[in-house]
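All remarks here apply to the structure that follows.
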Amino acid sequence: METAAVNRLGRAAVCILAVASAVLYLSPVVFGAAGKEAFVKKTVAAHNIVIFSKSYCPYCRRAKAVFSELKKAPYVVELDQRDDGGEIQDALSTIVGRRTVPQVFINGKHLGGSDDTVEAYESGKLAKILGITNIITNDDL
């Protein structure tokens, strides 16, 4: 009788260890993704202008050039220069529905990518959002 109780206890311990191992193994995936989403949201909340970018991307350079024309300095997160850049890009996909770069945020709101940024600049919408008056747009962007 004691052996049966020990066997049951042993099997229960193995099950508990298996569940604990699975939780520990999966926690970086589950909590890591949530952590990257929190990073994106915290970054966007902390800065007036945020661009999630890749340093070599011509579309990202174009979006950054818009803010240079406006004499506004965005907070730029260069995803290709971070070990967790891919995870942050995945988090962006979850948050805004796009995985492409750049992704531009103004005053906590998602503006969009490069084309959206240039369009908002050329239409005067971007200057209005940023509270800039008397701006002359550069059509070379």
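Every number in this text was worked out from the coordinates using simple rules, so none of it is lab data. Predicted, not measured: the structure shown is a model, and the values here were computed from it. No Cβ is skipped: glycine too gets one built from the backbone with ideal geometry, and neighbour counts run over all protein chains shown.
Annotations
- Segment 48-79, residues that are surrounded by fewer than 17 Cβ atoms within 10 Å (Cβ to Cβ) and of a type in the set (Val, Ile, Thr): none
- Flag for residue 90 being touching a residue at least 24 places away in the same chain (Cβ under 8 Å) and either out of contact with any strand residue (DSSP E or B) (no Cβ under 8 Å at 6 or more places or on another chain) or crowded, with 18+ Cβ neighbours inside 10 Å (or both): yes
- Among residues of segment 64-82, those that are within 20 Å of residue 107 (Cβ to Cβ) and either aromatic (Phe, Trp, Tyr) or in contact with a Phe, Trp or Tyr (Cβ under 9 Å, 6 or more places away or on another chain) (or both), counted: 9
- Among the residues of segment 93-109, just one is out of contact with any strand residue (DSSP E or B) (no Cβ under 7 Å at 6 or more places or on another chain), under 16 Å from residue 126 (Cβ atoms) and either surrounded by 19 or more Cβ atoms within 10 Å (Cβ to Cβ) or without any contact (Cβ under 8 Å) to a residue 24 or more places away in the chain (or both), namely 109.
- Test for residue 115: is it surrounded by fewer than 18 Cβ atoms within 10 Å (Cβ to Cβ) and within 10 Å of the chain's Cα centre (by Cα): no
- Test set (1) of a type outside the set (Gly, Ala, Ser); (2) surrounded by 20 or more Cβ atoms within 10 Å (Cβ to Cβ); (3) out of contact with any Asp or Glu (no Cβ under 8 Å at 6 or more places or on another chain) - residue 82 fails condition number: (2)
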